[in-house]
1. Give 85, 78, 145, 156 a once-over and let me know the one that is among the small types (Gly, Ala, Ser), at pLDDT 95 or above and over 20 Å from residue 24 (Cβ atoms).
2. Given the residues 67, 40, which is the only one that is of a type in the set (Val, Ile, Thr), out of contact with any Leu (no Cβ under 9 Å at 6 or more places or on another chain) and surrounded by 13 or more Cβ atoms within 10 Å (Cβ to Cβ)?
3. What are the residues in the stretch 138-164 that are outside any loop (DSSP other than H, G, I, E, B), among the hydrophobic types (A, V, I, L, M, F, W, C), open to solvent by 40 Å² or more (accessible area, probe 1.4 Å) and under 28 Å from residue 89 (Cβ atoms), if any?
4. Kindly provide the set of residues from the stretch 78-108 that are open to solvent by 60 Å² or more (accessible area, probe 1.4 Å) and not in a helix (DSSP H, G or I), ordered by number.
5. In the stretch 135-164, which residues are of a type in the set (A, V, I, L, M, F, W, C) and over 11 Å from residue 113 (Cβ atoms)?
6. Do we find a residue being loosely packed, with under 14 Cβ neighbours inside 10 Å and modelled with pLDDT under 90 anywhere in the stretch 9-17?
7. Contact list please: Cβ distance under 7 Å, first residue in the stretch 3-25 and farther than 10 Å from residue 64 by Cα, second residue exposed (fewer than 13 other Cβ atoms within 10 Å of the Cβ) and at pLDDT below 90, pairs at least six apart or on different chains.
8. Quick one: residue 118 ticks every box in (1) open to solvent by less than 50 Å² (accessible area, probe 1.4 Å); (2) within 30 Å of residue 13 (Cβ to Cβ); (3) free of Cβ contacts under 8 Å to residues at least 24 places away in the same chain bar one, so which box is it?
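The values are calculated or read from the model by the stated rules, or taken from the named source; none is laboratory data. In this text the structure is predicted, and so the values were computed from the model without any measurement. Reconstructed Cβ throughout: ideal geometry from the backbone, glycine too, with neighbour counts over all protein chains shown. The accessibility values were calculated without ligands, DNA or RNA, using every heavy atom of the protein model including side chains. Shrake-Rupley method; radii C 1.70, N 1.55, O 1.52, S 1.80 Å.
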Amino acid sequence: VALRLAGDADADAPLPLNLTLQAEAIGGYISAAQAHARNVSSSNVSRVDFGPLEAAHARFAAAAGKVGDEQRRVAKGAAPPGAAAALNEKLAYAERRFLSASGLPTRKYFRHVLQAPGLYTGYAPKTLPGVYDAVSAGDWATADAQARVAAERIDAAASFLLAE
């Protein structure tokens with residue numbers, strides 16, 4: 001994959017990145033965050049609105065499916081000239097859409113909204129770290145705000161993938 005990303009391969013072949021798997025992973029991150037919020041809450045009911053995150057996930061999954069269809073068309077040679085280069089650029093830059101300009105609330109230097117090292121796990125990752133850390137601290141307002149930030153970034157990635 002590294003050589004493909006560096007450009008040392010057939011320029012008419014799509015990069016081997018499966019965004020459908022990423023969409024499935026994001027769904028798992030949301031489910032885990034919901035379970036964590038329920039477990040931490042004294043009433044066993046989440047105080048975080050996960051609706052925007054779930055909607056953003058659905059839009060990203062749909063966009064990932066469309067990109068997968070495009071990847072298959074390019075791989076079969078059924079796409080117009082230049083389609084592979086445009087698709088590969090889209091795939092290569094999509095991950096950047098998951099970066100938040102302001103970073104995580106207590107760690108501004110970590111900007112990825114889907115994963116970052118946990119506060120107390122060394123370098124072991126936590127998914128939806130802004131939400132997870134705030135829920136762990138019982139800071140429900142920040143957790144809710146971070147869920148909205150993550151939803152915005154997931155939406156941004158979906159929109160980027162669907163842009164012509």
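1. Testing whether each residue is among the small types (Gly, Ala, Ser), at pLDDT 95 or above and over 20 Å from residue 24 (Cβ atoms) leaves just 145.
2. Exactly one of 67, 40 is of a type in the set (Val, Ile, Thr), out of contact with any Leu (no Cβ under 9 Å at 6 or more places or on another chain) and surrounded by 13 or more Cβ atoms within 10 Å (Cβ to Cβ), namely 40.
3. 160, 162
4. 78, 80, 81, 101, 102, 106, 108
5. Those that are of a type in the set (A, V, I, L, M, F, W, C) and over 11 Å from residue 113 (Cβ atoms): 135, 137, 140, 141, 143, 145, 158, 160, 161, 162, 163.
6. yes
7. The qualifying pairs are 9/3; 16/1.
8. (2)
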